Amino acid sequence: MMQSNTPDNADLAAAQKIRDAFQRLRTELRRIIVGQDEVIEQLLIALFAGGHCLLEGVPGLAKTLMISSLARCMNLAFNRIQFTPDLMPSDITGTEVIAEDRSSGQRAFKFLPGPVFANVILADEINRTPPKTQAAMLEAMQERQVTVGGVRHALAAPFFVLATQNPIEQEGTYPLPEAQQDRFMFKIYIGYPTYDEEFEIATSTTTEVTQAVERVISAEEILELQRVVRRVPAAPPIVKHALDLVRRTRPSEPSAPEFVKKNVAWGAGPRAVQFLILGAKSRAVLRGNYHVATEDIRALAAPVLRHRVITNFAAQAEGYTPDKLIQDLLAHSPAHGEGLLKDERVAKTVNL
């Protein structure tokens, strides 16, 4: 996007277009969803960065409504897949059937697309289906295609998967392996609403009045804005700050703090750095900045790292969660080093 210290008119117009789209989407979602502003912002950051999200929260927190409303706002095809223990891979990707040509009488295989062929997929309770079916879903997420009968079928772009997990009942579930969780850009926790928010929910959802959302952005515009986000520059010191945060989650790293070496079994991999920088670029533009700042990196550390840092048994026994570890890591990682301020682009975006 902006390759010099002073952005040109095209850069300014592209950045303004992203901010306008963000504001319109957030306004429309607020007509349906009460509260959850931080969750909505993280979803939109991931959307414009081209990543997938894993949402975790107890039932009844409007996860499905939030995702379906987001799809309607963006004029995108939406499918909800309810994951169950008997769900097969073909139930997601589609299958081949024998079809007869009435004119010639000949029979041939015909591919019937599954529900994964949409722009926005809600993978509801993804941890309730066996690993084989999980793998089919995650392969589609990574490759943006499915293979059936040796034939590859491309998925529509943009392709955005939002998977949910219920943290309460774990009996009969198949927890996602760490390598599969790593495919998700963010892991987002959805908490209970405040008293006032829950009062509004109770009063607004128990009447005959229903709210509708308007379509404010198209698939083509989303793809264009995703390309704009990738052109936002991140100065080398900012990239090094993200890299240092990730590397310090690894207990074998010499720079890792003592509390990391004591409580972590496995740290985050290289994909965490990529998602931190890409998400920070998206967040920077959505908030009206033209360059990535350390604030953008640090604000996304928890959703990017919480499912990539594996605590050991001792930490789990003491209730030392990945989120608490990330907080301690941020507290021990200075946001403003001398090296950061040597880049004049950074000096404009870092608040001293």
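The values are calculated or read from the model by the stated rules, or taken from the named source; none is laboratory data. Keep in mind the model is a prediction, meaning the values are calculated, not measured. Here the Cβ is made from the backbone with ideal geometry for all residues, glycine too, and neighbour counts use every protein chain on show.
Summary of computed values
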| item | result |
| --- | --- |
| Condition check for E197: under 30 Å from F83 (Cβ atoms), more than 23 Å from the chain's Cα centre (by Cα) and modelled with pLDDT of 80 or more | yes |
| Residue, modelled with the lowest pLDDT, within segment 282-324, restricted to residues that are in contact with a Lys or Arg (Cβ under 7 Å, 6 or more places away or on another chain), part of a helix (DSSP H, G or I) and surrounded by fewer than 24 Cβ atoms within 10 Å (Cβ to Cβ) | L286 |
| Segment 226-273, subset of a type in the set (A, V, I, L, M, F, W, C) and in a loop (DSSP other than H, G, I, E, B), residue nearest to D20 (Cα to Cα) | V232 |
| Breaking point among (1) farther than 21 Å from V273 by Cα; (2) outside the structural domain of E125 (by TED's automatic domain parsing), for T207 | (2) |
| T133 vs. criteria over 21 Å from T27 (Cβ atoms), in a loop (DSSP other than H, G, I, E, B) and either touching a residue at least 24 places away in the same chain (Cβ under 8 Å) or assigned by TED's automatic domain parsing to the domain that holds Q36 (or both) | no |
| Test: residue in segment 195-209 that is in a loop (DSSP other than H, G, I, E, B), of a type outside the set (D, E) and either in contact with a Lys or Arg (Cβ under 8 Å, 6 or more places away or on another chain) or within 21 Å of A49 (Cα to Cα) (or both) | no |
| Qualifying residues in segment 142-166 (those that are among the small types (G, A, S) and over 19 Å from the mean Cα position of the chain (by Cα)) - the one surrounded by the most Cβ atoms within 10 Å (Cβ to Cβ) | A154 |
| Hey, I92 outside the structural domain of A156 (by TED's automatic domain parsing) and in contact with a helix residue (DSSP H, G or I) (Cβ under 7 Å, 6 or more places away or on another chain) or not | yes |
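A quick yes/no check of all residues on (1) surrounded by fewer than 20 Cβ atoms within 10 Å (Cβ to Cβ); (2) touching a helix residue (DSSP H, G or I) at 6+ places or on another chain (Cβ under 8 Å); (3) more than 22 Å from L300 (Cα to Cα); (4) at pLDDT 85 or above:
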position: Q3; (1), (2), (3), (4): yes, no, yes, no
position: N9; (1), (2), (3), (4): yes, no, yes, no
position: C53; (1), (2), (3), (4): no, yes, no, yes
position: M74; (1), (2), (3), (4): no, yes, yes, no
position: D86; (1), (2), (3), (4): yes, no, yes, yes
